Structures are given as C-alpha cells and as structure tokens.
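Below you'll find the structure, written out as structure tokens, and then a few comments.
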Amino acid sequence: MPERRTVALVTLGCARNEVDSEELAGRLEADGWDLVEDASDADVAVVNTCGFVDAAKKDSVDALLEANDLKGHGRTQAVVAVGCMAERYGKDLAEALPEADGVLGFDDYADISDRLQTILNGGIHASHTPRDRRKLLPISPAERQESAASVALPGHGPAVEAAPVDLPEGLAPASGPRAPLRRRLDGSPVASVKLASGCDRRCSFCAIPSFRGSFISRRPSDVLNETRWLAEQGVKEVMLVSENNTSYGKDLGDIRLLESLLPELAEVDGLERVRVSYLQPAEMRPGLIDVLTSTPKVMPYFDLSFQHSAPAVLRAMRRFGDTDRFLELLDTIRSKAPQAGVRSNFIVGFPGETEADLAELERFLNGARLDAIGVFGYSDEDGTEAATYENKLDEDVVAERLARVSRLAEELVSQRAEERVGETVQVLVESVDSAEGAYGRGEHQAPETDGQVLLTSGEGLSVGRMVEAKVVGTEGVDLVAEPLQGSLACSEEAGR
C-alpha cells in the first residue's frame, strides 16, 4: 500500500484566513492527504499568508522561510504559499522568494490537491498574475449571486457527502444535510464562520477589496448548516466573520437579513454563543442593535471599525462620521445593554492629520470607554488612493503619535476593565491549568484580541464549560473572576 501523503497548514492573519485554511484542509483530506500539525512531519508545508500591512507580510515571509529551513532536515520536501499575500503579489512574490516552491492564488483552491501533488513530484505550477478581483463580479450587488459559481470564493466551499460508514446489513445511512467542505484544525470550543467575502467600501488606505473582491454574501442555509456541523463537533461559540458584516444580505435582496439570521443561529442545539465581528459604524441600524443586545445567546458585542474620529481625516479616508456621532452610537448601544463589549481599531499619522485632528481622536477615546483598542501607525499600501496623497507626515512624527495614542489606549482599556469589577460575567473556559486556574472569556471579549478572564479556581472545569463568575480584580485589560457558589458544581454536572 503506498505511503500516505502528508500536509501541514500554517495559518497567519485574521479569522477569515483560519476559515480558509479549514476549507483547504477539508479539500485535501477528502482527496486522501493526511493532515499533521507540525510542518516538520509533512511532505508539504502550506503557509496561508496575510497581505494586509507590512508587519503581517513580514510575518508571512518569515513563516515561509522557517518552513523552507526544514527541507533537507526532515520529511518536508516542499513549501507552498497561499492566502492573501500570495493572491495579492503572485509572480512578484515567487520571484522575490524563490524559497517557496509554489505561490498559489485563490483560483487554485478548488484544485489544491492536484497543485500540491504536482509540486511534490518536482513539477512547476505557474504563479498567477494578480488582478483586481473587484472586476470579477457585476457592479450591481443584486446580480452577483448568479455569477458567484464562476468565481473562486475562499471559505464559501460547497457541502460534501459525508464519508461512507460501514453499517450492519440492511441499514442505510441516515439522511440529512451534507457536511460543509471543512476540517477543523484544532479542538477549540470556538470557531469562525464566514458570513460573506469581499468589500464594496473604498477606504483610501485599504487594499483588501482589490484582492478579496466585491462583497458577496453566503446564503443563510449554508451559514446555518455549517454552524450546526460545528456544534456537532463540540463548538460552543461561533464568530461570524467577513470584511463587513453590516452589509450582509444586500446582494440577496434583504439588507436586514442578519437580523433574522442571528436568532436562528442562536437556536442551534449545543451552541452557547453567537458573536458578530467587523461592523461598520456608518451602516449600523436600530434593528441590528436591538437584535445584538436582546437576543439570548447572541453576544452584546460590537467590533466597530471607527479608524479615526476627526471629520477631516475620516473624509480623506473615504469614511463617514465624527466624534459626537460615534459617541451617540455608543450611548444608544449601552442604553440597551450597559455591559456590552466594544472594541475598535484606529490609524494615526494619516496623511494630512493635524495636531487638532489627533486631539479630536483623543477626545473620542477618552469618552468612548472601549474594552479593547488597536492602534496602528499609517504606512502606504500598494495600490491604494492614500499612497498617492502628497501631504504625508514624517515617519518620526507618525511613530511619536503612535506611541502617544498607544499609551493612552493602554491606560483607557485598563480603566474600562476596572469598571467591570463587581460585575457578574459568563465565562467560556478555553484552557485549564492545575496550578494557575482556568482561563476563558466573558461575553464582551472576542477570541485573541480582547483580553481574557482568569478564574481563581479551575477545579471541576474543562475546556468548553460555561461558568458564572464575579469579577474581583484586573490585570491590565484582563479580568480576574471568582466562580460563584454552585457554578462549578453545575458546570461539572452539565458535562456528565
């Protein structure tokens, strides 16, 4: 019997890339590849790259070089780049990084097994020529669904028949929906579900639409089916991801489709939480706020992409809003859910940003009471409108402003954490340490980005349990919480 082919997937970047990696894993496993965790144990190491900002691109190159170093020292024979940086730069990346044995774009995903086999056999698959993926679908959102089948959309993989199962004679396999084309790569109780792909916004600093394409929604039935499948795998929390979740449904004829989908997702058996990420402030609407703040199991969590609050900077970014409008939005949210979690990212040092603009941003941050804040210094991105602007700030000025706002952000999120002392939080346990206790996240905390909760006692707990606890202290943005009397026993009983 021939030796099985092995492959390892190394994923960088955002949660959307994690979903794409699990689709690639599903395709490869269905075609007979064995998936392994360690690249040194794999015939082929596939690096799912990020192409968003310079730091992420550097991390992707480093990961490719690290995987290349394994060749000749173990089983690894080939290293292949996929993902956003591979899609964005194609042949240029292949020429600049000859250590990669292949650079595959999104159009190669459907044939990933054949592509890897060709490379493993010593063949060459030509790297693709990058193109503006916004031009692959009709301009009108209403016409996109009909064309979607002809365009590669990572994370939108079709369902597949479940693997055959040996049954006693006379018994047939149970009927039901087919499994999604996806294979989980870890045992985490949290998983992301792709709601849509692409973006129709034209922010002047962002290149993502050019290589991810125009916005296109997944059908609600596909999202529901995948969520049910994940719950059957033991997932307790799903996080809905896309480049812009507030636009979901506009190409399906219903811009309010998310409001009707969320309650259906919350009713999936076995699921404890539904979380929505990537919300655009300019597209928030009263009905969506109501659903996010009042639906059981839907987290009152708002990942709002503010980016700045000074009107002149926002207009140069091709965005909308200002400090007072953003504060009014937050007031509306907290009037309905006082403990709601809010996070956002900001760019400082944008071309033309004045000291007065920076002070306006600081005014917003001081009034916003955000739970988590990401701050980035502006840098040019290839192919963006902002890269052509003339009124650039000196690098040392950008660095000084980045440090200044980052210090303020760190202070403010620590203060916001301290405001939560005395609150009761529902914690999803994600790791247990016999010496330190258990770690998890409250309703206001998304995976990896928003801090965590240290439970002072981990006795009787296991990963995936929900625990009610009282916040008794803080460590920066993180909370320290004491399980309430009886909650550990109830949690242990629930797991039996």
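The values are calculated or read from the model by the stated rules, or taken from the named source; none is laboratory data. None of these values were measured; they are calculated from a predicted model. Quick reminder, even Gly has a Cβ in these numbers, built from the backbone with ideal geometry, and neighbours come from all protein chains shown. Each accessible area value is taken on the protein alone, full model and side chains, heavy atoms only, with ligands, DNA and RNA left out. Shrake-Rupley method; radii C 1.70, N 1.55, O 1.52, S 1.80 Å.
Within the stretch 354-383, how many residues turn out to be outside any helix (DSSP H, G or I) and either closer than 30 Å to ARG420 by Cβ or small (Gly, Ala, Ser) (or both)?
Here the count works out to 11.
I need the full set of residues from the stretch 69-81 which are open to solvent by 20 Å² or more (accessible area, probe 1.4 Å) and either touching a Phe, Trp or Tyr at 6+ places or on another chain (Cβ under 7 Å) or touching a residue at least 12 places away in the same chain (Cβ under 8 Å) (or both), in order please.
Once the filter is applied, which keeps residues that are open to solvent by 20 Å² or more (accessible area, probe 1.4 Å) and either touching a Phe, Trp or Tyr at 6+ places or on another chain (Cβ under 7 Å) or touching a residue at least 12 places away in the same chain (Cβ under 8 Å) (or both), the stretch 69-81 yields LEU70, HIS73, GLY74, ARG75, GLN77.
If I ask for residues that are assigned to a loop (DSSP other than H, G, I, E, B), over 21 Å from the mean Cα position of the chain (by Cα) and under 27 Å from GLU143 (Cβ atoms), which ones from the stretch 259-287 would you list?
Once the filter is applied, which keeps residues that are assigned to a loop (DSSP other than H, G, I, E, B), over 21 Å from the mean Cα position of the chain (by Cα) and under 27 Å from GLU143 (Cβ atoms), the stretch 259-287 yields only ARG285.
For a quick check of your reading of the model, give me the residue pairs whose first member lies in the stretch 33-53 and is touching a residue at least 40 places away in the same chain (Cβ under 8 Å) and assigned to a loop (DSSP other than H, G, I, E, B), whose second is among the hydroxyl-bearing types (Ser, Thr, Tyr) and surrounded by fewer than 21 Cβ atoms within 10 Å (Cβ to Cβ), with beta-carbon atoms closer than 8 Å and at least 6 apart or on different chains.
Once the first residue is touching a residue at least 40 places away in the same chain (Cβ under 8 Å) and assigned to a loop (DSSP other than H, G, I, E, B) and sits in the stretch 33-53, its partners that are among the hydroxyl-bearing types (Ser, Thr, Tyr) and surrounded by fewer than 21 Cβ atoms within 10 Å (Cβ to Cβ) give TRP33/THR6; TRP33/SER113; ASP43/THR6; VAL53/SER379.
(1) outside any strand (DSSP E or B); (2) surrounded by 22 or more Cβ atoms within 10 Å (Cβ to Cβ); (3) among the charged types (D, E, K, R): which one isn't true of ASP200, the others all being true?
The number of the failed condition is (2).
Consider ARG218 carefully, then state whether it is within 19 Å of the chain's Cα centre (by Cα), within 30 Å of ASP34 (Cα to Cα) and either open to solvent by 20 Å² or more (accessible area, probe 1.4 Å) or at pLDDT below 90 (or both).
Criteria not met by ARG218.
Of the residues in the stretch 375-426, how many are charged (D, E, K, R) and farther than 21 Å from LEU358 by Cα?
8
Going by the structure shown, is GLU328 free of Cβ contacts under 8 Å to residues at least 24 places away in the same chain, open to solvent by 10 Å² or more (accessible area, probe 1.4 Å), of a type in the set (D, E, K, R) and closer than 22 Å to SER277 by Cα?
Values: free of Cβ contacts under 8 Å to residues at least 24 places away in the same chain: yes; open to solvent by 10 Å² or more (accessible area, probe 1.4 Å): yes; of a type in the set (D, E, K, R): yes; closer than 22 Å to SER277 by Cα: yes.
So GLU328 passes the test.
Could you tell me whether ARG416 is surrounded by 14 or more Cβ atoms within 10 Å (Cβ to Cβ), among the basic types (Lys, Arg) and closer than 18 Å to TYR301 by Cα? Step through it out loud before you land on a result.
Values: surrounded by 14 or more Cβ atoms within 10 Å (Cβ to Cβ): yes; among the basic types (Lys, Arg): yes; closer than 18 Å to TYR301 by Cα: yes.
So ARG416 fits the description; yes.
On the given criteria, is ASP290 open to solvent by 10 Å² or more (accessible area, probe 1.4 Å), closer than 15 Å to GLY341 by Cα and either assigned to a strand (DSSP E or B) or touching a Cys at 6+ places or on another chain (Cβ under 7 Å) (or both)?
So ASP290 fails the test.
Which residues, taken from the stretch 386-423, are assigned to a loop (DSSP other than H, G, I, E, B) and without any contact (Cβ under 8 Å) to a residue 24 or more places away in the chain?
ASP394
Consider the stretch 343-382. How many of its residues are under 24 Å from SER277 (Cα atoms), open to solvent by less than 30 Å² (accessible area, probe 1.4 Å) and more than 22 Å from the chain's Cα centre (by Cα)?
Going through the stretch 343-382 one residue at a time, the tally reaches 5.
Is it the case that some residue within the stretch 459-478 is without any contact (Cβ under 8 Å) to a residue 12 or more places away in the chain and either surrounded by 22 or more Cβ atoms within 10 Å (Cβ to Cβ) or not in a strand (DSSP E or B) (or both)?
Within the stretch 459-478, not a single residue is without any contact (Cβ under 8 Å) to a residue 12 or more places away in the chain and either surrounded by 22 or more Cβ atoms within 10 Å (Cβ to Cβ) or not in a strand (DSSP E or B) (or both).
Filter the helices (runs of 4 or more DSSP H) completely within the stretch 82-127 down to those with at least 3 residues that are on the phi < 0 side of the Ramachandran plot and open to solvent by less than 50 Å² (accessible area, probe 1.4 Å).
In the stretch 82-127, the matching helices (runs of 4 or more DSSP H) lie at 84-89, 112-120.
Here is a yes/no grid of residues against (1) of a type in the set (Asp, Glu); (2) farther than 19 Å from GLY157 by Cβ:
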residue: ALA15; (1), (2): no, no
residue: GLU23; (1), (2): yes, no
residue: VAL36; (1), (2): no, yes
residue: GLU66; (1), (2): yes, yes
residue: ARG75; (1), (2): no, yes
residue: TYR89; (1), (2): no, yes
residue: ALA94; (1), (2): no, yes
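Of everything in the stretch 1-39, what is open to solvent by 40 Å² or more (accessible area, probe 1.4 Å), more than 26 Å from the chain's Cα centre (by Cα) and either at pLDDT 90 or above or among the polar types (S, T, N, Q) (or both)? Give them in sequence order.
Across the stretch 1-39, the qualifying residues are ARG5, ASP31.
Which pairs do you get when a residue that is farther than 15 Å from ASN17 by Cβ, found in the stretch 56-68, comes within reach of a residue that is open to solvent by 40 Å² or more (accessible area, probe 1.4 Å) and modelled with pLDDT of 90 or more, reach meaning Cβ atoms under 7 angstrom, with the pair 6+ apart or on two chains?
Short answer, once both residue conditions are applied: LEU65/GLU99; ALA67/VAL10; ASN68/GLU99.
Please tell me if PRO164 is of a type outside the set (S, T, N, Q), open to solvent by 40 Å² or more (accessible area, probe 1.4 Å) and modelled with pLDDT under 95.
Yes, satisfied.
Which of the residues spanning the stretch 293-316 are farther than 21 Å from VAL193 by Cβ and open to solvent by 50 Å² or more (accessible area, probe 1.4 Å)?
SER294, PRO311, ALA312, ARG315, listed by residue number.
So in the stretch 234-258, with the set limited to residues that are open to solvent by 10 Å² or more (accessible area, probe 1.4 Å) and closer than 20 Å to ALA446 by Cα, which one is farthest from the chain's Cα centre (by Cα)?
That would be GLY234.
Somewhere in the stretch 427-437, is a residue part of a helix (DSSP H, G or I) and among the aliphatic types (A, V, I, L, M)?
Checked the stretch 427-437: no residue is part of a helix (DSSP H, G or I) and among the aliphatic types (A, V, I, L, M).
Against the definition (open to solvent by less than 60 Å² (accessible area, probe 1.4 Å), over 30 Å from PRO209 (Cα atoms) and of a type in the set (A, V, I, L, M)), how does LEU402 come out, yes or no?
Here the answer is no, as LEU402 does not meet what is asked.
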